[in-house]
Amino acid sequence: MIRESRTLLANLDKHFLRKYRWRYHILVVDNHFYHCYSFFLQAFKYPEKLRYSYDLVEFEHNKAKYGQVLKDLKDHYNLTIEFRDTNHLVHPGTDIVFDASHGHAFGTSYHSR
């Protein structure tokens with residue numbers, strides 16, 4: 001097992017607590033801005049809207065290393081994996097001007113006056 005896989009699994013063991021009424025999934029980001037792959041553990045508790053995100057590992061673009069880390073992750077855990085690519089960013093449709101659940105309700109400079 002390579003060093004990145006060991007780091008990923010150690011951080012996942014630390015943050016994946018298997019709490020009651022919590023949902024977990026892995027987020028893998030192919031980040032073209034920083035030329036790296038990033039793995040995150042996303043967690044949220046029902047019925048709250050706030051999501052918790054934990055950094056698991058980040059390493060440079062290398063297809064072989066990426067494939068090995070993904071294989072090691074799938075061998076040890078059966079979590080849902082969501083893939084994102086920064087080349088294909090999606091606009092939400094309209095500009096968000098009020099988002100009380102993420103702390104954007106007050107003091108934002110983009111509110112229309």
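Throughout, read-outs are computed from the coordinates displayed, never taken from laboratory work. None of the values given here were measured: they were computed from a predicted structure. Glycine also receives a Cβ, built like all others from the backbone with ideal geometry; neighbour counts cover every protein chain displayed.
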Residues of segment 1-25 with amide N under 13 Å of the 7 Å Cα→Cβ point at Gln68: 1-7
Cα-based convex hull, segment 3-102, per residue volume (Å³, whole number): 117 Å³
Net charge of neighbours whose Cβ lies under 15 Å from the Cβ of Asn78, counting Lys and Arg as +1 and Asp and Glu as -1: 0
Simple Cβ-charge dipole of segment 3-102, Lys/Arg +1 and Asp/Glu -1, about Cα centre, in debye nearest 20: 520 debye
